[in-house]
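The values are calculated or read from the model by the stated rules, or taken from the named source; none is laboratory data. Remember, it's a predicted structure, so these values are computed and weren't measured experimentally. No Cβ is skipped: glycine too gets one built from the backbone with ideal geometry, and neighbour counts run over all protein chains shown.
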Amino acid sequence: MTASRIMRRTALAASAVVLALAVPATANTTAPARSSPPQAPDSLPPSRGGRPASTVDHVAGFYGAYTDVLYDSGHSSLTDSLRRHYLTRAFRAELGQWESKHHMDGMLRHKGVLKAWQVTYNDSGMGHCWTRVKLTWEDSRHQVRHTRLMVQSDLATRLISGIKTGW
């Protein structure tokens with residue numbers, strides 16, 4: 001037998017011994033109690049991500065940050081700063097008029113704080129991108145409600161430039 005063959009067999013035997021010691025015996029043992037069932041590979045937590053050059057991710061970033069601020073502290077100078085950063089100047093003026101008339105947050109088209117939000121690409125053309133935004137609310141009776149918005153963004157700047165209810 002060659003020296004390299006002896007080395008391979010020795011390494012294989014050593015690996016088998018280490019593996020046997022590492023695997024617990026299951027014949028007469030019970031598994032420890034768990035506080036929750038193990039997760040199956042297909043039920044991993046959702047991941048989040050985005051790209052700064054994506055218009056859709058820009059809209060999602062706005063709604064994520066805006067929702068966080070409203071949830072944490074309500075309308076404040078930070079919500080105004082987010083609007084200045086993510087919305088066109090013309091749309092901010094239009095939004096202010098809409099809010100004065102309807103007495104609610106124009107970006108949410110609802111009163112209160114969101115429970116969840118979802119942004120999905122819809123269409124693009126003529127220099128604009130449209131995204132569908134689904135906002136989830138829970139009322140005082142714990143009934144889940146949804147608001148659906150169509151948000152328009154300028155492709156050149158990625159700034160939000162319009163909003164309509166429904167899709």
(message) Suppose the filter is farther than 19 Å from Arg158 by Cα, of a type outside the set (A, V, I, L, M) and at pLDDT below 90; does Gly112 pass it?
(response) yes
(message) For segment 86-104, give me the residue count where each residue is surrounded by 12 or more Cβ atoms within 10 Å (Cβ to Cβ) and under 25 Å from Leu155 (Cβ atoms).
(response) 9
(request) Return yes or no: is Ala116 surrounded by 15 or more Cβ atoms within 10 Å (Cβ to Cβ) and aliphatic (A, V, I, L, M)? (result) no
(message) Of all residues being at pLDDT below 95 and among the charged types (D, E, K, R) in segment 126-145, which is surrounded by the fewest Cβ atoms within 10 Å (Cβ to Cβ)? Just the residue, please.
(response) Arg141
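Scan segment 34-55 and give yes if some residue there is of a type in the set (A, V, I, L, M, F, W, C), modelled with pLDDT of 95 or more and within 21 Å of Val133 (Cα to Cα), otherwise no.
Filtering segment 34-55 down to residues of a type in the set (A, V, I, L, M, F, W, C) leaves 40, 44, 53.
Remaining after also requiring modelled with pLDDT of 95 or more: none.
No - not one qualifying residue is present in segment 34-55.
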(request) Filter segment 72-115 down to residues that are out of contact with any helix residue (DSSP H, G or I) (no Cβ under 6 Å at 6 or more places or on another chain) and of a type in the set (Val, Ile, Thr), then give me how many there are. (result) 1
(request) Give segment 146-166 a look and list any residue that's surrounded by fewer than 16 Cβ atoms within 10 Å (Cβ to Cβ) and either of a type in the set (Phe, Trp, Tyr) or more than 19 Å from the chain's Cα centre (by Cα) (or both), or say none. (result) Leu155, Ala156, Thr157, Lys164, Thr165, Gly166
(request) Give just the number: which of (1) surrounded by 10 or more Cβ atoms within 10 Å (Cβ to Cβ); (2) modelled with pLDDT of 85 or more; (3) not aliphatic (A, V, I, L, M) does Arg9 not satisfy? (result) (2)
(request) Name every residue in segment 40-69 that is among the polar types (S, T, N, Q) and not in a helix (DSSP H, G or I), in order of residue number. (result) Ser47, Ser54
